[in-house]
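Where a number appears in this text, it was derived from the coordinates with a stated rule and is not lab data. Not measured: the values here are computed from a predicted model. Reconstructed Cβ throughout: ideal geometry from the backbone, glycine too, with neighbour counts over all protein chains shown.
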């Protein structure tokens, strides 16, 4: 029997064929890099049905690559510069491919609604939710960058969330650091005034035994507050450099986030201890200015960082919205695109 990679037409009935497909679709689920793999491998890109769910794209790409005798070349491109991926592909490309262990032997017990096809593990819903363990590790690394704010305004005291973007610089929302009521400006429509006192609470969270960690309260300098109400961002400088264990969240350009992707938000909901929103966290809308998502937030989450699936900063959370979708009212949370915020920071001379 020929190796499954050498069958022509490609034999999709073999388990190793399905494992190859599921592996590739699970690690490369964005079209851009996959197009590059195909081009470098010599696959004719015009023959592939792009602009579909990546599960379908990979099925067509594998088939077309084999038809053009470029399948092994394609796999070599995918494996390049990623040793973990290369190792698994080498297992599949070996003379005896390494595949899933056989299903358990039938015990003779017959379950209602069960047949032999149910013996294998499977993805339950349409969209895969498996994550690399490194996803958790990176989230834990970035979490200390997020701080609770205690803000004193002319109208009273309030709480919010912020995160570190520079040596002593914290980013949050304009409406967190500026009073929404009358401020120091003259005339009938005075400019909202900035906060007069701001504290940043570092490490305000629970430990693994559900006990409060010892947190640090750091004074900030209200005279350094700068912001833009139109895009709802503001920054403030701490009274001195932040500790080394507080990482800086990079504002560097991330890959554009798309509808259907997932975003996570590290936050201080209701002014309480730090939490993360990462369930039913589907992106529902993206435009040049905002991202809308189902990721949970609460009062006090304003000013939180919105991260994509690679923990790149893509948004600054600021509010919830209600929209009409197919004749039904849908509630979403919303963040400002971090690219717009970065442009404002640069224009203001902050960065």
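Summary of computed values
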| quantity | calculated |
| --- | --- |
| Inter-site label distance for residue 270 and residue 217 at 7 Å from Cα along Cβ, in nm | 2.2 nm |
| Value of [θ]222 nm, deg cm²/dmol, for the chain, DSSP H segments ≥ 4, -39500 (n - 2.57) each, nearest 500 | -7000 deg cm²/dmol |
| Cα convex hull volume per residue for segment 4-115 (Å³) | 132 Å³ |
| Span per principal axis, largest first, for the Cα atoms of segment 264-347 (Å) | 40, 32, 23 |
| Two-site label geometry, residue 81 and residue 100: point separation in nm, points 7 Å out along Cα→Cβ | 3.2 nm |
| Selected from 229, 305, 33 as most flexible by GNM, with the chain as the system and alpha-carbon contacts under 10 Å | 33 |
| Cα→Cβ-extended label distance, 7 Å offset, between residue 280 and residue 255, nm | 2.7 nm |
| Residue of 332, 319, 137 that the Gaussian network model of the chain assigns the largest fluctuation, springs spanning Cα pairs under 10 Å | 137 |
| 34 Å tail of the calculated P(r), the chain, as % of Cα pairs | 42 percent |
| In Å, descending, principal axis extents of the Cα set of segment 144-238 | 54, 26, 21 |
| Pairwise FRET efficiency - residue 168 versus residue 209, Cβ, R0 = 41 Å, nearest 0.05 | 0.80 |
